[in-house]
């Protein structure tokens, strides 16, 4: 495995919550676990640091970066703007096939009871909606934002109350998309992101 392979593995572990904010990245341990030498691990850590996902702390070394309160607020503000815009554009531009795909993902999410599965389907729902918006500049902006989203911490969808509320919020967005009502789709997506933000802030206060 070369440096890029090690990077992709560690990136996936951050995305999937195997590596959490604050977790230390020890080169020797990671090299042994990934079955590679320390050189590709070192390269991967440098790349993750360039992405803003890893920080070097005095006397501690490399660790998955933990966002502070202001960063979390700013991240959700931008997410509401970008994903709200994506929903508005998708309501206008989505084809019947794309709407069927979004609806199928939403149907699977409606039946999900496990937090990890709900997290995976939630990502698929938002990705499919972004694709349906058909705006390359918006897509690039969301791609940059999504890396920061990886280090928010464990998904709030692991909480049963939040999961059930998110299912209803997704259904409301989908109904607006099907009606080709851009204003309603944007408003409902913004409401969904703001509800997610409130759940995240509750989690942060519990942790701290």
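The values are calculated or read from the model by the stated rules, or taken from the named source; none is laboratory data. Note that this is a predicted model, so its numbers are computed, not measured. No Cβ is skipped: glycine too gets one built from the backbone with ideal geometry, and neighbour counts run over all protein chains shown.
In table form, for the structure just shown:
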| quantity | calculated |
| --- | --- |
| The one condition in (1) buried (at least 18 other Cβ atoms within 10 Å of the Cβ); (2) in contact (Cβ under 8 Å) with a residue 60 or more places away in the chain that residue 7 fails to fulfil | (2) |
| From 10, 89, 57, residue being in contact with a helix residue (DSSP H, G or I) (Cβ under 9 Å, 6 or more places away or on another chain) and modelled with pLDDT under 95 | 10 |
| Residue within segment 86-96 that is more than 18 Å from the chain's Cα centre (by Cα), in a strand (DSSP E or B) and either free of Cβ contacts under 8 Å to residues at least 40 places away in the same chain or under 23 Å from residue 184 (Cα atoms) (or both) present | no |
| Selected residue (only one of 177, 204, 157 is surrounded by 19 or more Cβ atoms within 10 Å (Cβ to Cβ) and over 26 Å from residue 93 (Cβ atoms)) | 157 |
| Residue check for residue 54: over 21 Å from residue 204 (Cα atoms) and without any contact (Cβ under 8 Å) to a residue 40 or more places away in the chain | no |
| Only one of 100, 77, 71 that is under 30 Å from residue 198 (Cβ atoms), surrounded by fewer than 20 Cβ atoms within 10 Å (Cβ to Cβ) and modelled with pLDDT of 95 or more | 77 |
| Restricting segment 104-119 to residues that are crowded, with 16+ Cβ neighbours inside 10 Å and assigned to a helix (DSSP H, G or I), the residue that is nearest to the chain's Cα centre (by Cα) | 119 |
| Which listed residue is crowded, with 19+ Cβ neighbours inside 10 Å, outside the structural domain of residue 137 (by TED's automatic domain parsing) and in contact (Cβ under 8 Å) with a residue 60 or more places away in the chain, from 45, 14 | 14 |
| Yes/no for residue 139 being more than 16 Å from residue 193 (Cα to Cα) and in a helix (DSSP H, G or I) | yes |
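For every residue, the table says whether it meets (1) more than 16 Å from the chain's Cα centre (by Cα); (2) farther than 18 Å from residue 85 by Cα; (3) surrounded by fewer than 16 Cβ atoms within 10 Å (Cβ to Cβ).
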{"position": "134", "(1), (2), (3)": "yes, no, no"}
{"position": "141", "(1), (2), (3)": "no, no, no"}
{"position": "168", "(1), (2), (3)": "yes, yes, yes"}
{"position": "190", "(1), (2), (3)": "no, no, no"}
